[in-house]
Every structure is written in structure tokens, then in C-alpha cells.
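> Below you'll find the structure I mean.
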Amino acid sequence: MNQLKRTASVIAPVAASLAALLIVAGPASAQTVGNSGFELPALAPGGAQYNPSSAIATWTFLGNSGVTRNNSGFTSSNPNAPQGVQVAFLQRTGNFSQSIIFPSDGTVSFSFKAAQRGNSPVFPSHQSIVVTLGAAVLGVFTPTNTTYQTFSTISTAVAGAGPLTLKFAGTVANDQTAFVDNISINFIPTPPPPPTAAPEPGSLALAGSAMFSLIGATVIRRKRFARA
């Protein structure tokens, strides 16, 4: 029994060294934006709501901002929402935001749909939207008319250590409004360091042979020492 324990004590560290050669990194997690189409809270037909609760909407709405359905007092002169039946609105300098935690270091950019309000009290509306992530300004976007257009921000580097606040904000002080919908995220994780090359089959066989030779020599030496 003691001999088996001594043999196991020799095998364990050698086997662990061989196993370490086979460790590879797993895939990065997918990344999403919560309530990206502003379908929450679910409003009645033709409804609109300023500053809905973040507990329901995921987004934090401040100032003159909120959620509106198709054919509301805001959207009656616009095409239907690109995604679902609701959009967010940015009136004057209102804003909405949410915190995002990234799974690892990497780069990120965002895409979204936006349009000017068709029945704006100040016509035509020329609202501009500034998009920020933390302290980084990802772009300022001005839809050209009431038709929803696709916009994409620049990319920025992020770290996976903590949350960053994604914010969309209006920039025009008088009564002009833009609508935002269908926000998507493009997160590209930083590639891990290249793994140690796996040894060739012949190398594994040689390592195995060397391991058993080492075990045999160690056992023999211990037997001789015990007899002495």
C-alpha cells in the first residue's frame, strides 16, 4: 500500500503538467441591449408616456423623453415603428440611458434607427442625437426627415471590469423631437493570447515514455534505499 502511495505521488505532478498543455480558452459571451425596441412598458393604442419607470422599461428616462406608440400625438405623421409598435422619443434635451456590463475587454459599437417627428410644433424638426458610452462620445446624429434611417456609431475600446452607461440625448433646446428604435450592439472581444501549441503524437508518446521511465527509476531508487 505504501508503495502505491509513493507511486501515485510521483504520477500526480507529471500528469498535471501534461494536462496543462491541453487547456484552451472558451468562447466569449453574447452581448445585448435591454428593451432595445422600447416595447416596454406596453402602452395602449395611440399612447405615449414621459419618463416611464426604469424597473419596467430597463432604460432610465430623464427630462423630455419617453416611449410612444404608432399613431400617437407624437407619431401620427410618421411611418410605423421599424421594430414592434413603439419607439422612444427625445424632445428638446431629454435623454435615456442604461448601464451595460461587458463580459471581457474588447471593442463595441451600436446601431439604431431614428427619424424626425413629422408633426413637430417647430416644423420641420431638426433634432440631433448625441450617443455616449461612459465618457466616450460615439457620435452626433441628425435624421434628415420623418423616414427611419439606420445610424451606426464609431467603435470604442471597453474593459470588462465594470458597467458603462449608454446614453442617447437630444441636443436642441426648443420643441423639436426625434424618435429612436431598434438599438443593437456589436461587441468584439479582445482575442485571448494564442494557446501553447499542442504536442505532436510522437511528442506525447515520448513524454509518456519519459514519465514511466521516471516513475520506474524513482520506485527502484526508493526500494534500494528502503533495503539499505
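> Between R69, R92, which is modelled with pLDDT of 95 or more, at positive phi and not acidic (D, E)? It would help to see each step written out before you state the result.
Numbers: R69 fails: at positive phi.
Going through R69, R92 in turn, the sole match is R92.
> Going through N182, N145 one at a time, which residue ends up being in contact with a Gly (Cβ under 9 Å, 6 or more places away or on another chain) and without any contact (Cβ under 8 Å) to a residue 40 or more places away in the chain? Don't jump to the end; show me each part of the working.
Details: N182 fails: without any contact (Cβ under 8 Å) to a residue 40 or more places away in the chain.
None of the other options fit; the residue is N145.
> Condition test on A157, is it within 20 Å of N78 (Cβ to Cβ), among the aliphatic types (A, V, I, L, M), touching a residue at least 40 places away in the same chain (Cβ under 8 Å) and out of contact with any helix residue (DSSP H, G or I) (no Cβ under 8 Å at 6 or more places or on another chain)?
Numbers: within 20 Å of N78 (Cβ to Cβ): no; among the aliphatic types (A, V, I, L, M): yes; touching a residue at least 40 places away in the same chain (Cβ under 8 Å): yes; out of contact with any helix residue (DSSP H, G or I) (no Cβ under 8 Å at 6 or more places or on another chain): yes.
Considered against the rule, which asks whether it is within 20 Å of N78 (Cβ to Cβ), among the aliphatic types (A, V, I, L, M), touching a residue at least 40 places away in the same chain (Cβ under 8 Å) and out of contact with any helix residue (DSSP H, G or I) (no Cβ under 8 Å at 6 or more places or on another chain), A157 comes out as no.
> Of the residues P163, P124, which single one is at pLDDT below 95, farther than 24 Å from A57 by Cβ and exposed (fewer than 15 other Cβ atoms within 10 Å of the Cβ)?
P124
> Quick one: which strands (runs of 3 or more DSSP E) lie wholly within region 128-181 and hold at least 2 residues that are of a type outside the set (A, V, I, L, M) and touching a Leu at 6+ places or on another chain (Cβ under 8 Å)?
Numbers: elements: 129-133, 136-141, 149-152, 156-158, 163-170.
Result: 163-170.
> Further question: Please give the number of the condition F112 fails out of (1) under 30 Å from V158 (Cα atoms); (2) in a loop (DSSP other than H, G, I, E, B).
The single condition F112 does not satisfy is (2).
> Select from region 99-110 the residues that are closer than 25 Å to I56 by Cβ and either buried (at least 20 other Cβ atoms within 10 Å of the Cβ) or outside the structural domain of S155 (by TED's automatic domain parsing) (or both) and list them in ascending order. Don't jump to the end; show me each part of the working.
First, the residues of region 99-110 that are closer than 25 Å to I56 by Cβ: 99-102, 110.
Hits for region 99-110 are I100, F102, F110.
The values are calculated or read from the model by the stated rules, or taken from the named source; none is laboratory data. All values reported here derive from a predicted model rather than from experimental measurement. No Cβ is skipped: glycine too gets one built from the backbone with ideal geometry, and neighbour counts run over all protein chains shown.
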